[in-house]
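To start, the structure itself, in structure tokens.
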Amino acid sequence: MALFFVVSCDMAAQKAPVNQRTVQDGPNLDGVVEVSFKINAEGKVQILDINSTSQQLSEYVLKKLSTVKLEPGDSQHGKIIRYRFVFKKQA
């Protein structure tokens, strides 16, 4: 059973387009994870705040974000990024 999530981004009060992806390896749960982070000088995600309806979904999102690595000097460096992940079971 595949798991769908919707990602919306709010950067400096600007609304980004909503993306939908299928996640085959994620937990099979419904829920929401809201996370704020910034990209540090080494290009890695630094979590600032996370709220979720499920501890398991929080852990899943944190695990995935820990694998993100941007090039030093990327335009996102130092900006606070807010994402809202909405997980829904596929019927």
| request: Report, by residue number, each residue of the stretch 28-52 that is surrounded by fewer than 14 Cβ atoms within 10 Å (Cβ to Cβ) and outside any strand (DSSP E or B). | output: Asn28, Asp30, Asn40, Ala41, Glu42
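Yes or no: Pro27 of a type outside the set (Asp, Glu) and at pLDDT 50 or above?
Criteria met by Pro27.
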| task | Determine whether Lys64 is charged (D, E, K, R), at pLDDT 85 or above, touching a Gly at 6+ places or on another chain (Cβ under 9 Å) and surrounded by fewer than 18 Cβ atoms within 10 Å (Cβ to Cβ). | result | yes
| remark: Checked against (1) outside any loop (DSSP other than H, G, I, E, B); (2) at pLDDT 65 or above; (3) loosely packed, with under 14 Cβ neighbours inside 10 Å, Arg21 satisfies every condition except (2)
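The values are calculated or read from the model by the stated rules, or taken from the named source; none is laboratory data. All values derive from a computational prediction rather than experimental measurement. Glycine also receives a Cβ, built like all others from the backbone with ideal geometry; neighbour counts cover every protein chain displayed.
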